């Protein structure tokens, strides 16, 4: 959590409004400025004596709102006799009981700009529940700037007058944007100077200081830099990221495209003859027909003799003839059955002609494991993976990934096919399928209910990895010590630490103990 000066002030207003017991607190801000995140921070800092009813979906009528409040606070009610009076009586009884025990109750409503006038009036009436000394219910309204306009309506003037603390959360300034980016990089033990200062200014320009947009731009820029082997994030990379994520289009596109074609075709060939650097700068301008050329490849030529205009032109032409990934993905033959067939070939298994292949019809000892993974988790699993892609028509496409080479994804479809990784990541939905062989047919998990031979095998694998001196004196019981060993192994490989040897844990075990018995991803820098 990065607390800018604005976020600190907003949090202080929320805490003040709740602790003074004034009735209403209002927090507003533009979309993506961090209102919900600030509310989570608020919840973490509230004393134990405060009970919270959190409403995240405010598109409710008055009756549904009261029932949601009862559900959040654990108030029992008769579902057959739901009325405004019954709910209010139940809530009042609960609040009086909580007050007698020295507890404070807070109702926090997110996205409050979506509340109807009827519901807002009912919320106001809830603040009438009070003793002679204090309000029994504190209410926090969090919403977009439209909430301010809503509260200023004449019909809601009684509610508006009861707001004792209000704060409008503004976007980050340029300095705060710079500090925010470096803070997040430092927290994940990354290089805080990964983004050039000029790139940060470009991010601020595109995002207007809105944290959510900053996150999206930085994430996409880092992916683009990875695909290009760039060690620093430059303004050019940020501009590419903005075009991809924010739907931006270049102005005067036709003029720019024609100019670029003239340059490549020889309009200013003399400059290219004398120095290859103009060609390198051209390749960094981001025209779609040049995006196949990686900046890192161009940078490597700076200490080499000039290849001359003909060599540069041939390289550009060769790249433009490469089929675009999205159009290739639209082919009808990228089926799951075909991808499974290609995966089995990596295991030197030739499927029978005409036999329909699916996860349910795989021959022994093969199994399918459907996983939803991040790109990092997929690489760490180190197995060829069938990636799932969703088309605009809601049709699915399946392609077998076998490796990564210099920013290109390597797919296997009766031979190798390569596409820029940044293009692939645009369309991958995070779903993947791994074809693998369990240590025993059908064994997908080893836990406390597993057979003794399976537990002994698991102990042997862990002992082999840990270099145990006494691997023969092992217990066939899945006890707490074995669970602790499994959890330590899972932490080492950034897996969910549940202490159960599931599919991913079993694959990682085999990667360490028998690395030559299965195919792996071919990853080169």
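Of note:
- Residues residue 524 and residue 464, FRET efficiency given R0 of 45 Å [Cβ-Cβ distance, rounded to 0.05]: 0.95
- Simple label model, 7 Å out from Cα along Cβ direction - residue 101 to residue 174, nm: 5.4 nm
- Calculated P(r) tail over 23 Å for region 71-199, as whole % of Cα pairs: 54 percent
- Label-to-label distance, nm, for residues given as residue 375 and residue 427 (7 Å Cα→Cβ offset): 1.6 nm
- Residues 203, 210 arranged by fewest to most Cβ contacts within 10 Å: 210, 203
- Taking 0.36 nm per residue of sequence separation and removing the Cα-Cα distance, the residue 148/residue 92 pair yields an extension gain of 17.3 nm.
- Cα-based Kirkwood hydrodynamic radius, region 128-193, one decimal, Å: 15.8 Å
- Exposure proxy for 68, 198: other Cβ atoms within 10 Å of each Cβ, ordered fewest to most, give 198, 68.
- Residue 5-residue 48 pseudo-label distance in nm [points 7 Å out on the Cα-to-Cβ vector]: 3.7 nm
- Rounded to 0.05, the FRET efficiency of the residue 324 and residue 396 pair, given R0 = 22 Å and the Cβ-Cβ distance, is 0.70.
- Surface/4 of the Cα convex hull for region 3-74, nm²: 5.7 nm²
- Residues 462, 96, ranked from the fewest to the most other C-beta atoms within 10 Å, line up as 96, 462.
- Difference of contour (0.36 nm per residue) and Cα-Cα distance, residue 405 to residue 19: 133.2 nm
- If R0 equals 45 Å, the separation of the Cβ atoms of residue 193 and residue 452 corresponds to a calculated FRET efficiency of about 0.25.
- Highest to lowest packing among 152-163, 134-145, scored as the average C-beta count within 10 Å: 134-145, 152-163
FYI, it's all coordinate maths here, none of it is from the lab. What you see is a predicted model, and the numbers here were worked out from it, not measured in a lab. Ideal geometry is used to build each Cβ from the backbone, glycine not excepted, and the neighbour counts take in all protein chains shown.
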